[in-house]
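The block underneath contains the structure these notes are about, expressed in structure tokens.
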Amino acid sequence: MALQTFCPSCRVMHTFVDSLYGKKVQCKNCAKTFFAGQPEKGLAEPSRPEEGVAAGVPDVSPQRRPKSERRDVDDDEFDQRPLRRRAEEERPRPARSGVGLAVGIVLGLLGPALIGVVVLVLVLRDQAPPPQDAPVAPIPPVALRPPENPPPNPVPNVPPPKAPAEELKPVLAPQPPDGKRVRVLLLLKPVSKNDIAQLTFHEVAPDSKNPLFQIDNVQVTEGEGVPAGTYINHRYSIKYAGLAATIKGLGTRARGPFCSSQVPAGTEILNIRKLGACRVDLRHGAFAQQNVPFNVYEGFYEKR
């Protein structure tokens, strides 16, 4: 069996007999010495002329090879191609079969006939009469029976009852015995620490549409408080002692002034005096606020 190996120096492939495996041989191309079948060992050290090549190893140089082996030299030179390429070229190729040719001939002969059959089927399908609907059996009439549990009579659309108007709880302030003057109680959070010099009530506040302010849960914090009940919001003008400006406007939820009774328009409140201070729960329509601080005053106006 032949031993194929390549020279580690010039990479030329050589063919030797199996008995030379692992022995020193000489490359026919570059004259380098290497181990046959073991190119990974690299080149062998050059031998001295008197030692020659290893014992029993024939001289394989091109000058000494017999004429009958020159064909191997040509084969080695041809074998310089990569091993993978040689393997692909030497791989046996499958023999061509005539089955493909036969299939092509059959399809060429039968193809037009198959196309004609398909066209004929399409034409006949288009000419076929449309299917007729099967007659539908009439549905027998169903007798309607009154419900076993009839629903109750519908409730007529009656508007919900109107909420009762806010109940007026007049404040009963003690009155002077002469009957000529009317005493009123005032809830006011002044904007100045000075005394009130002049206070005039005008018409009842028209823009609020509800001038009534309900005062409850009165907690006295200084002097006297006021009785719980309904107080009236007016347009007013007020002037404080020591200040030249006159303040005009409507009573507000946070400052007032609120009066214990409705006063005729343009009425000036006289003899105003502070009685004390308190905190109250204030309600005005849907608005409600608790623990609102106010000062408490009393005043008088002349009857007309």
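Results, tabulated for the structure shown:
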{"item": "Flag for Thr267 being without any contact (Cβ under 8 Å) to a residue 60 or more places away in the chain and closer than 17 Å to Ile196 by Cβ", "result": "no"}
{"item": "Number of the exception - Ala205 against (1) in the same structural domain as Pro264 (by TED's automatic domain parsing); (2) of a type in the set (Gly, Ala, Ser); (3) at pLDDT 75 or above", "result": "(3)"}
{"item": "Strands (runs of 3 or more DSSP E) within region 246-304 that include 2 or more residues among the small types (Gly, Ala, Ser)", "result": "267-284, 287-302"}
{"item": "Some residue of region 182-194 being loosely packed, with under 15 Cβ neighbours inside 10 Å and part of a strand (DSSP E or B)", "result": "no"}
{"item": "Residue match in region 219-240 (condition: touching a Phe, Trp or Tyr at 6+ places or on another chain (Cβ under 9 Å), assigned by TED's automatic domain parsing to the domain that holds Asp195 and not in a strand (DSSP E or B))", "result": "yes"}
{"item": "Whichever residue in region 1-27 is surrounded by fewer than 14 Cβ atoms within 10 Å (Cβ to Cβ) and small (Gly, Ala, Ser) and, among such residues, is modelled with the lowest pLDDT", "result": "Ala2"}
{"item": "Residue check for Thr246: among the polar types (S, T, N, Q), surrounded by 12 or more Cβ atoms within 10 Å (Cβ to Cβ) and either closer than 26 Å to Gln290 by Cα or not assigned by TED's automatic domain parsing to the domain that holds Leu187 (or both)", "result": "no"}
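The values are calculated or read from the model by the stated rules, or taken from the named source; none is laboratory data. Since the model is a prediction, treat every value here as computed from it, not as a measurement. In this analysis, Cβ positions are derived from the backbone assuming ideal geometry, glycine residues included, and neighbour counts consider all displayed protein chains.
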